[in-house]
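Worksheet: one structure, shown below.
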Amino acid sequence: MFRPGPRNLITDIPGLAVGHATDERAISGVTVLMCAKDWPAGVDVRGGGPGTREIEALEPENLIGRAHAVVLAGGSVFGLAAADGVTTALSTRGVGLTLRPGSPAIPIVPAAVLHDLGNGGDKAWGSDPPYRSLGMRALQAAGPDFALGSVGAGRGAMAGLIKGGIGSTSIDLGQGLIVGALVAVNSIGSALMPDGTTYWAWAFELNAEFGGAKPPSARMPLGNPAPDESRLLALGRLEPGANTTLGVVACSAALTTVECKRVAMMAQDGIARAVRPAHTPFDGDTVFALASGAVPLDANLQRAAHVGRIGSAAADCMARAIARAVHHSRDLRTLGK
């Protein structure tokens, strides 16, 4: 029987650390995931309005295909500056690629942002948006335990018409193989079924990690899977790039960049399982995948079989993490359980 890791967080994978920095005045923030070293990485973008940085560096046909950290941020395009702060801070620690002796280290820090500019916070920052500083603070705070809910990149997030936020899960597949997910949910779609209580991801829940609610009957009427469009229009949420689900999945296996790309693609199914609708023209749904390389793949199985197993687990973790994000969105003190 599969079970979550000891924290039920993506940091159950050794070598990962996560930190948040939240600006309560702006009702926004940044979440940083830091790797112990440069890990093979891939990315898949399926939303119609993404905001990203260093995506091409992770494509398998290109040179790098690895990452030292991943940044998720609020603030729309302004939030991309958070990656500048993380990049600078890591470089001062000597973390990154060194092309010539004596030159500054060059960290690879891909990033994705969500749109929270219309959430009522004070965005009158003029020529000095807070995100570069928030990125540095989030990196400084990174560790194995971190809060879920309305914090960091999820502080100003919405999930349809209710509060979104930060979620994370893990699963132990045995023999040292751990898979986990971290997500910032700011979706146009709803994480809840039409009863307003049951999560679309209910069938994937482990240990009542997001309340244990189940559909009231075996044949739950689907109704309208999207929130009321007229209310969303009034809130200014039906705009390209104004909503998104940003995720990172990771595993302890020894995967290549190409295999990380496939895992990221499979993990997108977790968004579709947990949010209705998903991958719309208004969303910027983006999923990164990382692999620590600590656990060699079983030589008795085809590599493709390993990748498929890990990708399937990553999709399940993603669905669970989305539900946890919404479930914990009002409790900044909640850590993984």
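The values are calculated or read from the model by the stated rules, or taken from the named source; none is laboratory data. Keep in mind it's a predicted model, so treat the numbers as computed, not measured. Here the Cβ positions follow ideal geometry from the backbone for every residue, glycine too, while neighbour counts run over all protein chains shown.
The set of residues in the range 17-44 that are touching a strand residue (DSSP E or B) at 6+ places or on another chain (Cβ under 6 Å) and among the aliphatic types (A, V, I, L, M) comprises A17, V18, A21, V30, V32, L33, M34, A41, V43. Among the residues here, G47 does not qualify as under 21 Å from R262 (Cβ atoms), in contact with a Lys or Arg (Cβ under 6 Å, 6 or more places away or on another chain) and buried (at least 21 other Cβ atoms within 10 Å of the Cβ). Taking the criterion of being buried (at least 23 other Cβ atoms within 10 Å of the Cβ) and hydroxyl-bearing (S, T, Y), would at least one residue in the range 97-120 satisfy it? Looking through the range 97-120, none of the residues is buried (at least 23 other Cβ atoms within 10 Å of the Cβ) and hydroxyl-bearing (S, T, Y). Looking at A313, A264, A274, just one residue is under 25 Å from A203 (Cα atoms), touching a Gly at 6+ places or on another chain (Cβ under 7 Å) and not polar (S, T, N, Q), and that residue is A264.
A quick yes/no check of all residues on (1) touching a Ser or Thr at 6+ places or on another chain (Cβ under 8 Å); (2) aliphatic (A, V, I, L, M); (3) at pLDDT below 95:
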site: K163; (1), (2), (3): yes, no, yes
site: I171; (1), (2), (3): no, yes, no
site: Q175; (1), (2), (3): no, no, yes
site: V179; (1), (2), (3): yes, yes, no
site: G189; (1), (2), (3): yes, no, yes
site: P194; (1), (2), (3): no, no, yes
site: T198; (1), (2), (3): no, no, yes
site: K214; (1), (2), (3): yes, no, yes
site: M220; (1), (2), (3): yes, yes, yes
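The residue that is modelled with the lowest pLDDT, among those in the range 273-332 that are surrounded by fewer than 24 Cβ atoms within 10 Å (Cβ to Cβ), hydrophobic (A, V, I, L, M, F, W, C) and in a loop (DSSP other than H, G, I, E, B), is L332. Exactly one residue out of D116, D122, D172, D145 is closer than 22 Å to V45 by Cβ, touching a residue at least 60 places away in the same chain (Cβ under 8 Å) and of a type outside the set (A, V, I, L, M, F, W, C), and it is D116. The listed residues are G121, G85, and the only one of them that is out of contact with any Lys or Arg (no Cβ under 6 Å at 6 or more places or on another chain) and not acidic (D, E) turns out to be G121.
Q175 meets each of the listed conditions (1) more than 29 Å from A81 (Cβ to Cβ); (2) not in a loop (DSSP other than H, G, I, E, B); (3) not β-branched (V, I, T) apart from (2).
Would you check if there is a residue in the range 50-69 being touching a residue at least 60 places away in the same chain (Cβ under 8 Å), surrounded by 24 or more Cβ atoms within 10 Å (Cβ to Cβ) and within 16 Å of Y131 (Cβ to Cβ)? Yes, the range 50-69 contains a residue that is touching a residue at least 60 places away in the same chain (Cβ under 8 Å), surrounded by 24 or more Cβ atoms within 10 Å (Cβ to Cβ) and within 16 Å of Y131 (Cβ to Cβ).
A residue that is closer than 22 Å to N243 by Cβ, touching a residue at least 12 places away in the same chain (Cβ under 8 Å) and either in contact with a helix residue (DSSP H, G or I) (Cβ under 6 Å, 6 or more places away or on another chain) or of a type outside the set (S, T, Y) (or both) can be found somewhere in the range 92-111.
Quick check on the range 125-142: of everything there that is small (G, A, S) and in contact (Cβ under 8 Å) with a residue 40 or more places away in the chain, which residue is farthest from A184 (Cα to Cα)? Residue satisfying both the conditions and the ranking: S133.
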